Amino acid sequence: MSNEACCLCGSVKWAVSSEPLQAFNCHCSICRKAHGSAFGTYWFVPLDQFRWLGDTVSIVSYRSSPQIQRSFCGTCGSVLPQPVESINMCAVPGGPHDDGKRPQAEIFTRHKAPWFDLTSDLPRFDEYPPDSGMTPVPREALPAAPEGVVRGSCNCGEIRFHVTETLNPVHNCHCSRCRRGRAAAHASNGFATVAAVRFVQGEEQLKSYKMPDAQYFTQVFCNICGSKMPRMDPTRDLAVVPLSVLDDDPGVKPQRHIFVRDKAAWHVISDDLPQFSAAPQ
Ligand SMILES: [Zn+2]
Ligand SMILES: [Zn+2]
Ligand SMILES: [Zn+2]
């Protein structure tokens, strides 16, 4: 078996040549911000069963905790596989792969997003599964938000923004662009007007990548840590906000699944939200 995938822009490609030994959906805040999704799905593949295909010059690394280094594509911001020499494994994000191993557990559920209802029947672990040999990094609680403001930030903390409108609509998008861009099962995005989203710090670190063949599809991310950031589209007066980089509860939840026709085969939708094959009419 060889299962190949690439980042959103196609600069970085890789292949996995055996069934992963383990697969998890991780709900930790670092995965949520890195992927811009409700959770990241990781496959653990023996290092000798993973290889880069071609050039790796676009890979940017960011150390998100003393134990964990993460990588993303410096051109398009997609989360990339991360070889972990200490355990002789490669942690491969499932999102860009159309098929592969189904996740076996939900991990870091204590840290899951308030707007995400966990409905799968998979075993759940508050943090790492027992015997993983990993220790979670404590996270500081934030002071209360100013009235009427929902705050968001990237993993490195350089970019901060405020949202001052209720996001609507909010949906989970399973299209292949979102899966490759977010390197996750789906994106969870909320929409607002441009005036309702304001960068309060680090706007100069924003980088964006527009798909050459797309009318609108553009991924915006932090140049330092790769976290997904809001995209402003003044021509349509739309701000597209990845829910998972919000530090406060936005008070809304995804209302539907869209582009379900492109859903990854390894991901099972377990909630009762309406499903649309493509965009809702
Ligand atoms: Zn790329
Ligand atoms: Zn995680
Ligand atoms: Zn950052």
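The values are calculated or read from the model by the stated rules, or taken from the named source; none is laboratory data. Worth saying up front: this structure is predicted, and the values here are computed from it rather than measured. Positions of Cβ are backbone-derived with ideal geometry, glycine not excepted, and every protein chain shown enters the neighbour counts. For the accessible areas, the whole protein counts, side chains as well, though only heavy atoms, and no ligand, DNA or RNA atoms are used. Shrake-Rupley method; radii C 1.70, N 1.55, O 1.52, S 1.80 Å.
Please go through the range 1-13 and pick out each residue that is touching a Gly at 6+ places or on another chain (Cβ under 9 Å) and either assigned by TED's automatic domain parsing to the domain that holds residue 210 or outside any loop (DSSP other than H, G, I, E, B) (or both). Result: 3, 5, 13. Once the range 14-37 is narrowed to residues that are open to solvent by less than 20 Å² (accessible area, probe 1.4 Å) and in a loop (DSSP other than H, G, I, E, B), the residue that is farthest from ligand 2 (Cβ to nearest atom) is 20. Going through (1) touching an Asp or Glu at 6+ places or on another chain (Cβ under 9 Å); (2) surrounded by 24 or more Cβ atoms within 10 Å (Cβ to Cβ); (3) modelled with pLDDT under 95 one by one, residue 95 falls short only on (1). Checked against (1) open to solvent by 60 Å² or more (accessible area, probe 1.4 Å); (2) among the hydrophobic types (A, V, I, L, M, F, W, C); (3) within 16 Å of ligand 2 (Cβ to nearest atom), residue 195 passes all but condition (3). Regarding residue 18, is this residue in the same structural domain as residue 98 (by TED's automatic domain parsing) and at pLDDT 95 or above? No. For the residues 226, 152, the requirement of being part of a loop (DSSP other than H, G, I, E, B), open to solvent by less than 10 Å² (accessible area, probe 1.4 Å), modelled with pLDDT of 95 or more and touching a helix residue (DSSP H, G or I) at 6+ places or on another chain (Cβ under 8 Å) singles out 226. Look at residue 139 and say whether it is open to solvent by 60 Å² or more (accessible area, probe 1.4 Å) and without any contact (Cβ under 8 Å) to a residue 40 or more places away in the chain. Taking the combined requirement at face value, the residue does not satisfy it.
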